[in-house]
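Peer 1: Okay, handing you the structure first.
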Amino acid sequence: GAGVSQTPSNKVTEKGKYVELRCDPISGHTALYWYRQSLGQGPEFLIYFQGTGAADDSGLPNDRFFAVRPEGSVSTLKIQRTERGDSAVYLCASSPRQGALTAFFGQGTRLTVV
Amino acid sequence: GESVGLHLPTLSVQEGDNSIINCAYSNSASDYFIWYKQESGKGPQFIIDIRSNMDKRQGQRVTVLLNKTVKHLSLQIAATQPGDSAVYFCAEKIGKSTFGDGTTLTVKP
């Protein structure tokens, strides 16, 4: 597709379960970002990939959160032992190169932990 | 820490009127700003950007003004339409920058 694609669009999980959220960036984009957006708030930075490596993971809230991008394209955000406070929309964005000033966002995955 | 933020959480305007959405930032070294529009159920969408060496930039129906003296920028939307109803965020360059909580613009027919 032409844009950033995130799957699933909605995910409901039980407290304590493990979830994976997927991001397909725009083809050829080397930079990829994950954000978390709580209701009524702006996006909060989680992690930034340049190629396959996490260039900045300082926004990950704790060690239950982990993200990978093994081939420098698709990225997966993994959350272990989910808590109700993890409920939010998780946004992915990609940009064509390192140092690009803006990026294209996907529609997000709405995660609800019950 | 450094941040950008918005002055008003909500703004309601009549269709056809002009809208002005304001934003303040704290980092005097910031050299690039973006305005995003986020419709319900969608990700933020780029509207317009401005570099710190400019004080005004115009797009289609939108104008961004930057006042570095008071660290303030604004987004002006001309002839506001129902399709402009959304949450608007100002932000610095993509990455670790803070988005702020946004202004919800509601356009009344």
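Peer 1: Hey, can you tell me all the residues within segment A:5-54 that are within 12 Å of chain B (Cβ to nearest Cβ) and assigned to a loop (DSSP other than H, G, I, E, B)?
Peer 2: Scanning segment A:5-54 gives A:Ser9, A:His29, A:Ser38, A:Leu39, A:Gly40, A:Gln41, A:Gly42, A:Pro43.
Peer 1: Only residues that are polar (S, T, N, Q) and either open to solvent by less than 30 Å² (accessible area, probe 1.4 Å) or touching a residue at least 40 places away in the same chain (Cβ under 8 Å) (or both): list them for segment A:41-74, please.
Peer 2: Correct list: A:Gln50, A:Ser73.
Peer 1: Another question, if that's okay. If you go through segment A:57-114, how many residues are outside any strand (DSSP E or B), closer than 14 Å to A:Ile26 by Cβ and polar (S, T, N, Q)?
Peer 2: 3
Peer 1: Does segment B:37-66 hold any residues that are of a type in the set (Ser, Thr, Tyr) and modelled with pLDDT under 95, and which are they?
Peer 2: B:Ser40, B:Ser52 - these are the residues of segment B:37-66 that are of a type in the set (Ser, Thr, Tyr) and modelled with pLDDT under 95.
Peer 1: If you go through segment A:77-105 one residue at a time, how many are within 10 Å of chain B (Cβ to nearest Cβ), hydrophobic (A, V, I, L, M, F, W, C), within 16 Å of the chain's Cα centre (by Cα) and open to solvent by less than 60 Å² (accessible area, probe 1.4 Å)?
Peer 2: 6
Peer 1: For segment B:42-56, how many residues meet the condition of being part of a strand (DSSP E or B) and not hydrophobic (A, V, I, L, M, F, W, C)?
Peer 2: Final tally of qualifying residues: 4.
Peer 1: On to the next question. If we keep just the residues of segment B:84-102 that are at pLDDT 95 or above and closer than 26 Å to A:Ser95 by Cβ, which is farthest from the other protein chains (Cβ to nearest Cβ)?
Peer 2: So, considering only residues that are at pLDDT 95 or above and closer than 26 Å to A:Ser95 by Cβ, the one farthest from the other protein chains (Cβ to nearest Cβ) is B:Asp84.
Peer 1: Out of all the residues in segment B:40-51, which are more than 10 Å from every other protein chain (Cβ to nearest Cβ) and open to solvent by 30 Å² or more (accessible area, probe 1.4 Å)?
Peer 2: Residues satisfying the conditions are B:Ser40, B:Ile47.
Peer 1: Can you tell me which of (1) out of contact with any Cys (no Cβ under 8 Å at 6 or more places or on another chain); (2) in contact (Cβ under 8 Å) with a residue 40 or more places away in the chain is the one B:Gly100 doesn't meet?
Peer 2: All conditions are met except number (1).
The values are calculated or read from the model by the stated rules, or taken from the named source; none is laboratory data. These numbers were taken from a predicted model, which means no experiment stands behind them. Neighbour counts are summed over all protein chains in view; Cβ atoms, including those assigned to glycine, are modelled from backbone coordinates with ideal geometry. Surface areas here come from the heavy atoms of the whole protein model, side chains and all, with no ligands, DNA or RNA. Shrake-Rupley method; radii C 1.70, N 1.55, O 1.52, S 1.80 Å.
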